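Have a look at the structure below before the remarks.
What follows is calculated from the coordinates using simple rules that are stated; it is not laboratory data. Since the model is a prediction, treat every value here as computed from it, not as a measurement. Cβ: placed from backbone, ideal geometry, glycine included. Neighbour counts: every protein chain shown.
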Amino acid sequence: MKFPIVFFQLLNVVYSAKILGYFNFPSISHQFVFQAVVRELSLRGHEVTYVSPNNIKDPKLINLTEVDLSDTYKVFETTDAGIFNRNAINLIAVCVFGNKLIEDIITIEMELEQVKEILMKPENSYDLIIVEAMNPFHYGLQHKFKAPLIAISSFGLTSVLHDIIGNQNHPILYPDAFCGYLNPIKNIWEKIDSFYVNMVFYLYSKFVGMPKYDKMARTYFGEDMPYVEDLVRNVSIMFGNVDPIFSDRRAIAPNYKEVWNIHLKAPQPLPADLQRILDDAKTGLVYFSLGTNVRFEHVEENIKQEILKALGDLPYTVLCKWESEDYPGKPNNVVLRKWIPQQSILAHPNVKVFVTQGGLQSSEEAIINGVPLVVIPFLGDQPLNAKILTSRGMAETILPQSIKNDLLRDTILKVAKNEKYRLKAHELRDIFLDQPRTGLEEIVWWCEYVIRHKGATHLRSPSAGVSLYEYFMLDVLGVIFIVLFATYVAMKIIFGAIIRLLRGQKHEKQKND
Ligand SMILES: *[C@@H]1O[C@H](CO)[C@@H](O)[C@H](O)[C@H]1NC(C)=O
Ligand SMILES: *[C@@H]1O[C@H](CO)[C@@H](O)[C@H](O)[C@H]1NC(C)=O
């Protein structure tokens, strides 16, 4: 009889917990993931507060309270995300830029009345806090409210975060995603580059980034706060949105979970005009979209013309996400749209090829629909994604600087005509979808687990927070060296004495003879 009672109690403990989901970063592709999580938690009866620049605004979610941070989008009026392009800039500039961006966002959000109201709440107002993984500042909330904290990344982790929570972090086996190398690295120059990138990120975080976030967090969360890096390390569970195709297959700590298929929904019915265009495209349709970050207003005119020329030469209908619905020189087979319901388009059987910038979410949407790709990677993780998809055989890559109409046309034709890309895409789709439960179910389950077990500190890895001298066993090697050296000295003295003794006897003997 005991067992069912205990089981019932376990279920009971998490009944309607108070959860604060605090996700400040102004990027819709990040927020899609967090929205799915807070929505699901609220549907399960938890009392959830979602602090975000992209509120869900669904009146049916009666257990969800939303705080609007859309003011944080203002930071992009003065910054250009193009700096996150590895070819264009030096590494320190990336660190400085990233820090500055996050600092500016925090400054904006902390001025908002609704945020101030939340921070006035007493300790223990929440049973669980969920934040975005990449920004150390918000880990301070666990000190403010004395509640366990879970972090979610809408993609993988940086090498710095891997290091902090005790995942294996070796620059040759697991290069930082920013380097854009497939692992393990074989080329010596790439090895050196990866080591260099890891070191710069590590040192910058250690000596500039963390101290700065620590100072900011103290002003809002209390001067008595522990050092912010220790609070990052104190995370109950960290989630990476990483599927088996993009995973770098790293040795990971028990409190780091790679989850995938978090926000992907069943395709919605298409608007009638798009449905007709797709149904009529009997010879096939090419879908062209460079995502939300690449803005066409910023693309040079001659590149736009090269793209339109290539698309016009294709024997297919082309559906193209563009800055406007009409454009000078638009070929007849090309349909331009400002907004396109991407998941539903990709689910249509007539789609032959998807030309994409290779963002993680677009790539995943292509994978679950088994659509082969032509990737034109611009920034961030896109170059690495392009390499992974190409090496897995479901894509071809064109570098943005080499876009020419004939190259683009020929590459699209190659991927459309050769069955092997589609077969590979289907193989990867089957791997992607074969999981015991979706990423969303997994996250929700672990959130309740952390509440049930009051922070679940038993999941922490002993390698989290180990210092470099311990990791490289310099203390052990030091003792071994001292013992060996002492042995050597002792041997030298003993053998020296014996030899002298023997010589002495010999001399004696010679004298006596
Ligand atoms: C709201 O929470 C209650 C329990 O507190 C739950 O029974 C109900 O299903 C939830 N409703 C919605 C729409 O989230
Ligand atoms: C670290 O996490 C545990 C479990 O959530 C919590 O009890 C503890 O107070 C946290 N430590 C700090 C310094 O916040």
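Tell me, what is the Rg over Rh of the range 279-385, with Rh the Kirkwood radius over Cα pairs?
Using only Cα positions, Rg/Rh for the range 279-385 is 0.93.
What list of ³J(HN,Hα) couplings, whole Hz, do you get for the range 183-189 from phi and the Karplus terms 6.51, -1.76, 1.60, once you set θ to phi - 60° and write x for glycine and proline?
Once rounded to whole Hz, the list reads 10, x, 6, 10, 7, 4, 5.
Each residue of the range 35-52 in order: what ³J(HN,Hα) in whole Hz does its phi give by Karplus 6.51 cos²θ - 1.76 cosθ + 1.60, θ = phi - 60°, with x for Gly and Pro?
4, 4, 5, 5, 4, 5, 4, 6, 5, 7, x, 7, 8, 10, 10, 10, 9, 6
Note down, for the range 300-451, the three equivalent ellipsoid semi-axes (square root of 5 times each alpha carbon gyration tensor eigenvalue), biggest first, whole angstrom.
Semi-axes (√(5λ), whole Å): 31, 17, 15.
Taking neighbour Cβ counts within 10 Å as the exposure measure, how do 365, 419, 441, 306 sort from fewest upward?
419, 441, 306, 365
Using amide H atoms built in the peptide plane, which far-off residues or other-chain residues are under 5 Å from residue 66 H to H?
Here the answer is 50, since their amide H atoms fall under 5 Å of that of residue 66.
Send over the semi-axes of the range 108-158's equivalent ellipsoid, whole angstrom and largest first, taken as the square roots of 5 times the C-alpha gyration tensor eigenvalues.
In descending order the semi-axes read 21, 15, 8 Å.
Taking the range 156-291, how much of its Cα-Cα pair set, in percent, is spaced more than 24 angstrom apart?
Everything past 24 Å amounts to 52 percent.
Arrange the following residues from fewest to most other Cβ atoms within 10 Å of their Cβ: 25, 354.
Ordered by Cβ neighbours within 10 Å, fewest first: 25, 354.
How high is the relative contact order of the chain, given as a whole-number percent (alpha carbon pairs under 8 Å, six or more residues apart)?
Relative contact order for the chain comes out at 14 percent.
Calculate the tail of P(r) for the range 176-251: the fraction of all Cα-Cα distances greater than 18 Å, expressed in %.
The answer is 60 percent, as a whole percent.
Using the per-residue mean of other Cβ atoms lying within 10 Å as a proxy for protection, in what order, highest first, do the peptides 245-251, 142-148 fall?
The packing order, highest mean first, is 142-148, 245-251.
Could I have the simple spin-label model distance between residue 208 and residue 107, label points 7 Å from Cα toward Cβ, reported in nm to one decimal?
1.7 nm
Fully extended, how many nm does the chain gain between residue 437 and residue 196 (0.36 nm per residue separation, minus their Cα-Cα distance)?
Gain on extension, residue 437 to residue 196, equals 82.9 nm.
Distance between Cα centroids, the range 268-282 to the range 331-393: provide it in whole Å.
18 Å
Project the alpha carbons of the range 84-177 onto their principal axes and report the range along each, largest first, in whole Å.
The Cα atoms of the range 84-177 stretch 46, 29, 18 Å along their principal axes.
Quickly work out the residue 338-to-residue 497 label distance, labels modelled 7 Å from Cα along the C-beta direction, and quote it in nm with one decimal.
For the pair residue 497/residue 338, the computed spacing is 9.5 nm.
For the pairs 57/265; 121/146; 144/257, note any where the Cα-Cα span goes beyond 23 Å.
144/257
Starting from the amide H of residue 288, placed 1.01 Å from N in the peptide plane, find each other amide H under 5 Å away whose residue is 5 or more places distant or on another chain.
Residues meeting the amide H criterion: 319, 320, 321, 355.
By how many degrees, 0 to 90 and rounded to 10, does the Cα axis of helix 419-433 deviate from the longest principal axis of the chain?
With rounding to tens, the tilt is 70 degrees.
Report, please, the projected area of the range 142-226 averaged over directions, based on the convex hull of its C-alpha atoms, in nm².
Orientation-averaged projected area of the Cα hull: 6.5 nm².
Pulled fully out, how much extra length does the chain show between residue 76 and residue 100, if you take 0.36 nm times their separation in residues and subtract their Cα-Cα distance?
Computed gain between residue 76 and residue 100 is 7.5 nm.
Would you mind ranking 230, 163 by Cβ crowding within 10 Å, fewest neighbours first?
Sorted ascending by nearby Cβ count, the order is 230, 163.
Run through all the Cα pairs of the chain and give the fraction in each 10 Å bin from 0, expressed as whole percent.
Taking all Cα pairs of the chain, the binned fractions are 3, 16, 25, 23, 15, 7, 3, 3, 2, 1, 1, 0, 0 percent.
Round to the nearest 0.05 the FRET efficiency obtained for residue 119 and residue 15 when R0 = 22 Å and r is the Cβ-Cβ distance.
That gives a FRET efficiency of 0.25.
Based on the inverse mean of 1/r over its pairs of different Cα atoms, what is the Kirkwood hydrodynamic radius of the range 32-71, in Å?
10.0 Å
For a distance above 21 Å, tell me the whole-number percent of Cα pairs in the range 425-513 that qualify.
Counting every Cα pair in the range 425-513, those more than 21 Å apart make up 72 percent.
Tell me what the chain gives for mean residue ellipticity at 222 nm when only DSSP H runs of n ≥ 4 count, each as -39,500 (n - 2.57), the sum divided by the residue total, rounded to 500 deg cm²/dmol.
-14000 deg cm²/dmol
For Cα pairs less than 8 Å apart in space and 6+ apart in sequence, what is the mean separation divided by the residue count of the range 99-209, i.e. the relative contact order in percent?
Normalised by residue count, the contact order of the range 99-209 is 18 percent.
Residue by residue, what Karplus-based ³J(HN,Hα) values in Hz, rounded to whole numbers, does the range 450-467 have, using 6.51, -1.76 and 1.60 with θ = phi - 60° and x for Gly and Pro?
Computed from phi, the couplings for the range 450-467 are 5, 5, 4, 9, 6, x, 6, 5, 5, 8, 5, 8, x, 7, 6, x, 6, 7 Hz.
Given points 7 Å out from each Cα along the Cα-Cβ axis, report the residue 170 to residue 303 separation in nanometres with one decimal.
Those two pseudo-labels are separated by 3.8 nm.
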